[in-house]
Amino acid sequence: MKKCDVICPFCGCLCDDLEITVEDNRILGVDNGCTLANAKFMGKERLTSPIRRTDGGWEDINYDEAIRYTVDMLLDADRPLLYGWSGTHGEAQCIGVHMCELVGGIIDSTTSVCHGPSILAIQEVGHPGCTLGQVKNRADVVIYWGCNPLEAHPRHMSRYTTYADGYFLDNAFRDRTVVVVDVRETETARVADEFVRIKQGGDYAVLSALRAIVRGKGDMIPPSVAGVPRSQLERIVRMCKDAKFGAVFFGLGLTMTKGKYKNIRNAIELVDELSRHTKFTITPMRGHWNVYGSNEVFTWMTGYPYAIDFCRGIAFYNPGETSAIDILARKECDACMIIGSDPGAHFPRKCVEHLADIPTVVIDPVPTMTTAMANVQIPVAVSGIDAEGTAYRMDGVPFRVKKVIEPTLPSDTEVLGDMFARMKEAKGL
Amino acid sequence: MATSLSYYLREMARGEWLRNFLFVKTAPYETPPHFRDYPRLTGKECTHCLACMMICPTPGAIEVLKEDEGWNPVIYPGHCIRCGLCVEACPEGVLMSGRILESQFFENTGYTWTFHLTVDSTLCMRCGNCSVACPVNKEEDPQLAATGTGENDEVIMRVKGGELRILHEEKCTGCKTCEEACPNSAIRVARVIEAIHTAEEGG
């Protein structure tokens, strides 16, 4: 049986046009999806029952034991950290915030290690953004800065920006100009019309130079800025000013390099400057599936988008102090629950060492690098495959994700809901 | 040294030599009719068969673009080497350059071609750039071209069952757009082109 219009549960593109072939509650094939979507749907590594670490290995336990362990761990902890949230749906994130408030812990999503700086910059200067549909139908100049969509968001170019025919562009990619700015020639750079190779850490200077040229102060620019010749910068500004509609997309190459959120601020201000001549927009390439949703959910519930500390009883937010990496590096937290993320694969060694020292519970459908640091892992249904819920695309459009097969395991919402109910009971609420 | 100098002076000071040198009679500058300039449009209707793009040996020299309701080839002089192969390959005579069309007509020459598409599935990201960009796919499945969502199996290639599948190789016109759109060089178009000479009618 074919299931149509299935939403992909992998990256921030949330492609909503997959066709999944299902027989006997098993997924047999994925149409229209990229290689990442295919691997996600066809993955066969899933755990079937919760596991607990023993002296020399692992033992299977039941859900009741696993949930009891987690509830006790969180209630006993002085400063628990609830981290992850990007791989799960909005409803589970809601319960997470309630749980965190109840135990006076810290809740943080993967945002603090990806587009956290983008949010800080947006808080300073605003976000001239748009939906991906606008880009597809209107943009004749597309700039990818510090990101490689061909590897991380494979269908971004074919579906949302470059190759798809637009309502106002008959010849699709032949009418569009693609500019890639990166420190190395990536796969995306190979299909770009203009590749700007920038010296590592030179983004701020190049953005400032572009702003100066847009302002008509190009004569004060030195012949080369961070390895980019002035003539190329002038050409790009001309291209941007001549555009009918321009779209900038940026990734971790801009947010996590020297300058951090000031880079993004500068990029937003460049977009603002260009919008005095034509129409320009800027969109962060949110990577991990529903990471945008975690910011939305946290913001509407606590007022802050990520790294929220409830130890004072009220929401307190100070990225750099209350973000997961800092809490772990300072060895501050004494228990950690990780859901829908794999910090074991991405966090600095110091943080991972602390994770291994403290009681850690991982809620994840498959064994990951974080499993190696966990005391208990609780497998759950995958949002978008055998669990349903709400997720946000990278441009802030919410989708209702459906399930394509009947679940054999509880969903994140069910597991967290059970935990929260038991916590309330223990607290006499 | 002195002898040769005086020889030259004597030779060039002659009135006849000076007359010939200063008032030489040459033919007025005129482009000869056989000169192959950049291909021009003849005004005949382009059917979007893309034979011109298929045969063009130079990357980025020619593409067929949509103008209002019709299609027309566009030549990029910076890339074009004026080989004239596009003029010869076009079955509708949309392009002209020098005497190519005339000699082709009188000598009954032409080309036949077939194409073979190969996909290296270890390099392919299934990003769909090729199947969305392919101009034949655009005609067969406008939905695929507009949104990346494959609606039917009449296209040359599309992502199906987790693989980029070649469904209708025979529809390929060899324009190489897929190759250009592929960042990993995962898709390759092999062209088998043969120059033919048909016998004159009744011959």
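For the structure I just gave you, tell me whether B:Gly110 is in a strand (DSSP E or B), more than 14 Å from chain A (Cβ to nearest Cβ) and surrounded by 13 or more Cβ atoms within 10 Å (Cβ to Cβ). Here the answer is yes, as B:Gly110 does meet what is asked.
The set of residues in the stretch A:43-75 being closer than 22 Å to A:Glu151 by Cβ and either of a type in the set (A, V, I, L, M) or within 14 Å of chain B (Cβ to nearest Cβ) (or both) consists of A:Gly43 alone. Specify the residue that is nearest to A:Phe250 (Cα to Cα); the eligible residues are those in the stretch A:3-28 that are assigned to a strand (DSSP E or B), away from chain B (no Cβ under 11 Å) and in contact with a strand residue (DSSP E or B) (Cβ under 9 Å, 6 or more places away or on another chain). The selected residue is A:Cys11. Only one of the numbered conditions (1) in a loop (DSSP other than H, G, I, E, B); (2) touching a residue at least 40 places away in the same chain (Cβ under 8 Å) is not met by A:Met239, and that is (1). Of everything in the stretch B:29-73 that is of a type in the set (A, V, I, L, M, F, W, C) and touching a residue at least 60 places away in the same chain (Cβ under 8 Å), the residue that is farthest from the other protein chains (Cβ to nearest Cβ) is B:Phe35. Just one residue in the set B:His116, B:His168 is away from chain A (no Cβ under 14 Å), within 25 Å of A:Asp17 (Cβ to Cβ), in contact with a strand residue (DSSP E or B) (Cβ under 9 Å, 6 or more places away or on another chain) and at pLDDT 90 or above; that residue is B:His168.
Residue by residue, here is whether (1) in contact with a Pro (Cβ under 8 Å, 6 or more places away or on another chain); (2) not charged (D, E, K, R) holds:
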| residue | (1), (2) |
| --- | --- |
| A:Asp24 | no, no |
| A:Asn32 | no, yes |
| A:Leu36 | yes, yes |
| A:Lys40 | yes, no |
| A:Ile61 | yes, yes |
| A:Ala66 | yes, yes |
| A:Leu75 | no, yes |
| A:Asp78 | no, no |
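Would you say A:Lys40 is basic (Lys, Arg), more than 8 Å from chain B (Cβ to nearest Cβ), part of a helix (DSSP H, G or I) and closer than 14 Å to A:Gly384 by Cβ? Yes, satisfied. Scanning the stretch A:43-52 for residues that are assigned to a loop (DSSP other than H, G, I, E, B) and among the charged types (D, E, K, R) gives A:Lys44, A:Glu45, A:Arg46.
On the given criteria, is A:Ile61 surrounded by 13 or more Cβ atoms within 10 Å (Cβ to Cβ) and assigned by TED's automatic domain parsing to the domain that holds A:Lys402? When the stated conditions are applied, A:Ile61 passes them.
Taking the conditions exactly as written (at pLDDT 95 or above and within 14 Å of another protein chain (Cβ to nearest Cβ)), does A:Cys94 satisfy them or not? No: the conditions fail for A:Cys94.
For the stretch B:151-165, filtered to residues that are over 25 Å from the mean Cα position of the chain (by Cα) and crowded, with 24+ Cβ neighbours inside 10 Å, the residue that is farthest from the other protein chains (Cβ to nearest Cβ) is B:Leu164. Residues that are at the interface with chain B (Cβ under 10 Å from one of its Cβ atoms) and surrounded by fewer than 23 Cβ atoms within 10 Å (Cβ to Cβ) within the stretch A:132-164 comprise A:Gly133, A:Asn137, A:Asn148, A:Glu151, listed in sequence order. Comparison of A:Thr283, A:Thr299 shows that the only residue that is of a type outside the set (Lys, Arg) and not in a strand (DSSP E or B) is A:Thr299.
Condition check ((1) assigned by TED's automatic domain parsing to the domain that holds A:Val397; (2) surrounded by 24 or more Cβ atoms within 10 Å (Cβ to Cβ)) across all residues:
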site	(1), (2)
A:Thr278	no, no
A:Asn295	yes, yes
A:Phe298	yes, yes
A:Gly303	yes, no
A:Ile314	yes, no
A:Tyr317	yes, no
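The residue that is surrounded by the most Cβ atoms within 10 Å (Cβ to Cβ), counting only those in the stretch A:165-185 that are over 14 Å from B:Gly148 (Cα atoms) and within 8 Å of chain B (Cβ to nearest Cβ), is A:Asn171.
A single entry from B:Cys124, B:Cys134, B:Cys86, B:Cys90 fulfils the requirement of being within 14 Å of chain A (Cβ to nearest Cβ), of a type outside the set (Gly, Ala, Ser), touching a residue at least 24 places away in the same chain (Cβ under 8 Å) and surrounded by 21 or more Cβ atoms within 10 Å (Cβ to Cβ): B:Cys134. Selection of the stretch A:252-269 for residues being more than 19 Å from A:Thr322 (Cβ to Cβ) and touching a Cys at 6+ places or on another chain (Cβ under 9 Å) yields A:Leu252, A:Gly253, A:Leu254. Residue count for the stretch B:113-150, restricted to those that are in a loop (DSSP other than H, G, I, E, B) and either within 30 Å of A:Leu169 (Cβ to Cβ) or small (Gly, Ala, Ser) (or both): 12.
The values are calculated or read from the model by the stated rules, or taken from the named source; none is laboratory data. Just so we're clear, the structure is a prediction, and the values are computed from it rather than from any experiment. With ideal geometry, Cβ positions are generated from the backbone for all residues, glycine too; neighbour counts draw on all protein chains shown.
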